[in-house]
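Data first, discussion second: the structure below is written as structure tokens.
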Amino acid sequence: MPTPATSSPLAVPVRAWARWRRGRDLAISAPASGVEAANRRFLLYGVLPLWVAPGVADWWMHRRTKIEETSGARESAVHALMMTEAGIPVAVGLLAKVNPLVLSLMGGAALAHGATALYDVSFATGRREVRPVEQHIHSFLEVLPLTAMAFVACLHPEAVRAAVRGGPGPDDWKLLPKEHPLPARYLAALGVTIALGVGLPYAEEMKRCLRARRLRRAA
């Protein structure tokens, strides 16, 4: 007689994400009461939206130093890679339950982002002028992922302890949705802010670089 098939390791996460947003939203707009609520509000309304400001400033410095005529599409592609390295852990942290898996992803992404940023500066300095102001902007862009991760770790000490112990819990290494999701209005507003303040400027940069490269090849 055939034995019943064992459930797939993906069954629990798939069922959990199918019920995403059925739980009560996390109240983040109510007046802050206590250190935890204040830290969460500063992370969500301060650190994450303000991350856009140095990104726009960096794009403007690239434009002023005519990136399309110097380091070109290759450096712009590196910028897109760094945005991906920062964007994936941000999206996961906003949507998923914070556990050892999510913390490990954030830490790995922060290390990859730092290494890519070092390569970016090394590549750019030999091809265009990287002014002191731009270097200072880079310092903000490099430290903000670590700042966001530090806030998340402080808000979820139980996940940090589990990660230090190797994640012995049954759900520690599964990508699960938050029990109390962030309000859809907040997620939509942050998404629009990032799209307009990061996605659009850097898409324009890449388009400008590719157009300049085509013109050089056609000349």
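Quick notes on this one:
- Condition check for Leu200 on (1) in a helix (DSSP H, G or I); (2) open to solvent by less than 50 Å² (accessible area, probe 1.4 Å): one failure, at (2).
- Restricted to the stretch 51-101, and to residues there that are assigned to a helix (DSSP H, G or I) and among the aromatic types (Phe, Trp, Tyr), the residue that is surrounded by the most Cβ atoms within 10 Å (Cβ to Cβ) is Trp59.
- Residues that are touching a residue at least 24 places away in the same chain (Cβ under 8 Å), surrounded by 14 or more Cβ atoms within 10 Å (Cβ to Cβ) and not in a helix (DSSP H, G or I) do occur in the stretch 129-140.
- Test: residue in the stretch 156-165 that is assigned to a helix (DSSP H, G or I), open to solvent by 60 Å² or more (accessible area, probe 1.4 Å), closer than 22 Å to Thr84 by Cα and not basic (Lys, Arg): no
- Every residue from the stretch 34-45 that is of a type outside the set (A, V, I, L, M) and either surrounded by 13 or more Cβ atoms within 10 Å (Cβ to Cβ) or in contact with a Gly (Cβ under 7 Å, 6 or more places away or on another chain) (or both): Asn39, Arg40, Arg41, Phe42, Tyr45
- Index of the failed condition, Pro170 passing every other in (1) of a type outside the set (A, V, I, L, M, F, W, C); (2) surrounded by fewer than 13 Cβ atoms within 10 Å (Cβ to Cβ); (3) farther than 23 Å from Arg22 by Cα; (4) at pLDDT below 90: (3)
The values are calculated or read from the model by the stated rules, or taken from the named source; none is laboratory data. This is a predicted model, so every value here is computed, not measured. We place every Cβ from the backbone using ideal geometry, glycine too, and count neighbours over all the protein chains shown. Only protein heavy atoms, including side chains, enter the accessible area calculation; ligands, DNA and RNA are left aside. Shrake-Rupley method; radii C 1.70, N 1.55, O 1.52, S 1.80 Å.
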